[in-house]
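The values are calculated or read from the model by the stated rules, or taken from the named source; none is laboratory data. Fair warning: this is a prediction, and the values are worked out from it, not measured in the lab. Cβ sites come from the backbone with ideal geometry, for glycine too, and all protein chains shown count toward neighbours.
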Amino acid sequence: MTIKIDLHCHTTHSDGALTPEEIVLRAQQMQVDVLAITDHDTVSGVAHAQAAIDKHNIKLKLIAGVELSTSWHGFDIHILGFNVDIQHNVFLGNLQDQMLERDERAKRICDKLAKCGVVDVYQDALRHANGAQISRNHIAQVLVERQICSSFQQAFTKYLGKGKRAYTTPKWIDIETAIKWIVEAGGQAVIAHPSHYDMSTKWLRRLTSEFKQLGGDGMEITHPNMSPQTKSLLLDIAKDSQLFGSAGSDFHSPGRWTELGKRLQISEQITPIWHDWSVINA
Ligand code: AMP
Ligand code: MN
Ligand code: MN
Ligand code: MN
């Protein structure tokens, strides 16, 4: 019997639509065995998710995770951390600093939107974030709600995506710092969704080899809607860089194309990041 593993999802503690409790209940419904909660730049949802697992007596192994925002040669690279100590004070302080930049960046984006004639977006984005840090997703929600954009996708292609009208270069940490933070907190560092960076294969190889040299552990090599060609390319790149393979849905909300734990099998030709995790091998 194969076990169902999903190592990438978001809750209301960042830009996901479901609370930690709702997400573990959904994981149970989808028969997921191992789930990592990987909110953007925060681990505040993890304890709530574990409490819900205990409360409902769900047979689900929870991995404490995070998705750190980093900048590398002008690309916004996301680095996942697995099995991080969510009570590690230095780590929590580091995340706090990163969240300050998240708030500053949200204000800069809203200033740019105001110059485009779209005013007072910050307050509305705060309402959508509902206590979490503002992500571009929340700002996209405002643009759709006000019927300035017809879809999230359009909000990114017109205003929020790289180089678009309201894009501001984020001052995220570099990948070396992200790896250091994760390793210091006892975790493993993994490159998230390498196929989403709009990057040539040459650059991707440069990223993976640098990441490995800096102490990174793995790379996501599949995604529910990925073509066989892309999967095979990512498998080759991960193997060449001696990175472990990882798999996650990057679930944000229930939708036609997004679900927890679906179509995430990875090739047997690569060692999975979870090969020595006691929760899986127990
Ligand atoms: P941030 O971390 O604030 O930069 O926002 C990044 C988040 O915005 C991602 O995690 C996605 O949830 C969402 N996102 C980024 N690019 C797109 C896009 N092109 N279309 C829809 N959502 C996107
Ligand atoms: Mn997101
Ligand atoms: Mn991401
Ligand atoms: Mn994500």
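Here Ser246, Ser253 are screened, and the one residue that is assigned by TED's automatic domain parsing to the domain that holds Ala178, under 30 Å from His138 (Cβ atoms), surrounded by 14 or more Cβ atoms within 10 Å (Cβ to Cβ) and in contact with a Gly (Cβ under 7 Å, 6 or more places away or on another chain) is Ser246.
If I filter the range 153-168 for residues that are surrounded by 12 or more Cβ atoms within 10 Å (Cβ to Cβ) and at pLDDT below 95, do I get at least one hit? So far as the range 153-168 goes, yes, one or more of its residues are surrounded by 12 or more Cβ atoms within 10 Å (Cβ to Cβ) and at pLDDT below 95.
When the range 79-121 is limited to residues that are without any contact (Cβ under 8 Å) to a residue 12 or more places away in the chain and polar (S, T, N, Q), the one that is farthest from ligand 4 (Cβ to nearest atom) turns out to be Asn89. Checking each residue in the range 159-178 for being over 19 Å from Leu143 (Cβ atoms) and within 16 Å of ligand 3 (Cβ to nearest atom) picks out Trp172, Ile173, Ile175, Ala178.
Determine, yes or no, whether Phe75 is closer than 16 Å to Asp39 by Cβ, in contact (Cβ under 8 Å) with a residue 24 or more places away in the chain and aromatic (Phe, Trp, Tyr). Steps first, answer last, please.
Working: closer than 16 Å to Asp39 by Cβ: no; in contact (Cβ under 8 Å) with a residue 24 or more places away in the chain: yes; aromatic (Phe, Trp, Tyr): yes.
The answer is no for Phe75.
Evaluation of Arg108 against the conditions (1) buried (at least 23 other Cβ atoms within 10 Å of the Cβ); (2) over 17 Å from the mean Cα position of the chain (by Cα); (3) among the charged types (D, E, K, R) shows that the sole unmet condition is (1).
To keep it simple, each residue is scored yes or no on (1) touching a strand residue (DSSP E or B) at 6+ places or on another chain (Cβ under 9 Å); (2) within 13 Å of ligand 1 (Cβ to nearest atom).
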position: Ile5; (1), (2): yes, no
position: Asp15; (1), (2): yes, yes
position: Leu18; (1), (2): yes, no
position: Leu25; (1), (2): no, no
position: Gln31; (1), (2): no, no
position: Ser44; (1), (2): no, no
position: Asp54; (1), (2): no, no
position: Ile58; (1), (2): no, no
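When the range 18-47 is filtered for residues that are within 16 Å of ligand 3 (Cβ to nearest atom) and over 12 Å from Ser135 (Cβ atoms), the ones remaining, listed by number, are Ala36, Ile37, Thr38, Val43, Gly45. One residue stands out in the range 1-31 among those that are within 16 Å of ligand 4 (Cβ to nearest atom) and free of Cβ contacts under 8 Å to residues at least 60 places away in the same chain: the one that is farthest from Glu67 (Cα to Cα), namely Pro20. Does the range 177-196 contain any residue that is more than 18 Å from Ser69 (Cβ to Cβ), in a helix (DSSP H, G or I) and of a type in the set (A, V, I, L, M, F, W, C)? The answer is no; no qualifying residue exists.
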